[in-house]
1. Do we have Leu152 as touching a residue at least 40 places away in the same chain (Cβ under 8 Å) and part of a loop (DSSP other than H, G, I, E, B) here?
2. Can you go through Arg279, Arg330 and tell me which one is within 18 Å of the chain's Cα centre (by Cα), closer than 28 Å to Asp90 by Cβ, among the basic types (Lys, Arg) and open to solvent by 10 Å² or more (accessible area, probe 1.4 Å)?
3. Among residues belonging to segment 360-392 that are in a helix (DSSP H, G or I) and of a type in the set (A, V, I, L, M, F, W, C), point out the one that is nearest to the chain's Cα centre (by Cα).
4. Only one residue in Ile137, Ile170, Ile149 is of a type in the set (Val, Ile, Thr) and closer than 17 Å to Pro70 by Cβ, so which one is that?
5. Condition first: under 18 Å from Asp34 (Cα atoms) and of a type in the set (A, V, I, L, M). Now tell me which residues in segment 1-16 satisfy that.
6. State all residues of segment 1-60 that are under 20 Å from Val99 (Cα atoms) and among the β-branched types (Val, Ile, Thr); if no residue qualifies, say none.
7. Report, by residue number, each residue of segment 59-83 that is modelled with pLDDT under 95 and of a type outside the set (Ser, Thr, Tyr).
8. Given the residues Gly38, Gly43, which is the only one that is assigned to a loop (DSSP other than H, G, I, E, B) and touching a strand residue (DSSP E or B) at 6+ places or on another chain (Cβ under 7 Å)?
Amino acid sequence: MSFNNLGVHAAILPALKSAGITAPFPIQSATLPDAIAGRDILGRGQTGSGKTLAFGLAMITRLANRKAEPFHPIGLILSPTRELAMQISDAIAPLARFVNLNTQVVVGGLGYSKQLQGLRRGVPIVVATPGRLLDLIKKEGLRLDKVEITVLDEADQMADMGFLPVVQEILDQAKQGGQRLLFSATLDRGVDALVRRYLKNPKTHSLQNDRASVSTMEHFLLVMDPSEKDEVTAEIAARNGKTILFVKTQRGADRLADKLANAGVPVGALHGGKSQAVRTRTLALFKEQENSALVATDVAARGIHVDGISLVVHVDLPQDHKDYLHRSGRTARAGESGTVVTLSSSKNQRAVTGLLSRAGVTPKFHDVRPLDEKLMVITGAQEPTGIPYVPPIVERKGPQGGSRSGGSRRGGSGKSGGYRGGNSRRGR
């Protein structure tokens, strides 16, 4: 099956080929024909399965060469986080230009006036977070009555973050009878109510349930003495490759990032307490740097879509099995392999195994100590350099193109650290 056979606009095909996107992923093969035909879609696919291009190519094809009036978009993509909204735009904007469509990111933390200028010119496709979009509707006269296609991406995370009332208010203002494409890992916590109320006879394509696919990743439970956890964590983070380490709290993320930076690990912290400029810079640097670590909270778990993450570390145990799956889904993306490691003491081992069992995971158990052979074989752990890491100043592109100079705090603590990033092979 090819993108041409699925009905994707012919003008986009050369761009896909030049980007190395030569064959559709299963979620794309399943949803594109129905979405391009105008059907409402309920899509469930594992993270990294190609959902962005599944709905993005459908929207671009259906809206090709259309014009939008000022403050009246005709396509809307809602995302729960700023990072995810910007990455969606980065994935679809270059393709949209081949059929004379522009996109505009509408999120908090970025320049308000620039977003207004884009909307004032008339932008066909808006990629937005619910809060900022509703703010522009109420204060600046943005109207959704001409929106023909609405996408809800990561709907279950919107529910987790309390966005459902705002999402409902937004959907009530969109064009009646318009197409709705909803993508979600689960249908609980109010998502099923959205489906019943706003999707008409949706075509359902389900490629994932709420249990792990152990064929795409290896899971390990590493048991250690609590007094050695910091040392083991630093050695894992110092490995070659991209690593994400998950913790429970913003303060815990900053504290761990500081410890790792002081040990010589290229590291940054990502959580909702950072300014948008710092979050964008940190994520951009993480993408670009070949060997680096990122310490993140659960809120950031589904907003991170970076190719090449080969190891996920649960430094703190997640709240429930679904959070475990969302965190773990940062690796083994798009058919690649990956490793997931959970750190535990013998005292907490029973709680950890219970949670992993609910996630459908049977991990391999190992007792480890700093720099022992099992730890190094499983994770690639190595001794950190001990030379405090100082984040570089990096030039990056903003979500609408153009270069910006991104600095960072200097000094051994590495606070707010950063990375250098790369391009996503398939958008998500």
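1. no
2. Unique residue meeting the criteria: Arg279.
3. Ile378
4. Ile137
5. Listed by number, the residues that qualify are Met1, Leu6, Val8, Ala10.
6. Within segment 1-60, Val8, Ile12, Ile21, Thr22, Ile36, Thr52, Ile60 qualify.
7. Pro80, Arg82, Glu83
8. Gly38 is the lone residue from the list that is assigned to a loop (DSSP other than H, G, I, E, B) and touching a strand residue (DSSP E or B) at 6+ places or on another chain (Cβ under 7 Å).
The values are calculated or read from the model by the stated rules, or taken from the named source; none is laboratory data. All values reported here derive from a predicted model rather than from experimental measurement. Heads up, the Cβs are rebuilt from the backbone with ideal geometry, glycines too, and the neighbour counts pull from every protein chain shown. In case anyone asks, the SASA skips ligands and DNA or RNA and just uses the protein heavy atoms, side chains included. Shrake-Rupley method; radii C 1.70, N 1.55, O 1.52, S 1.80 Å.
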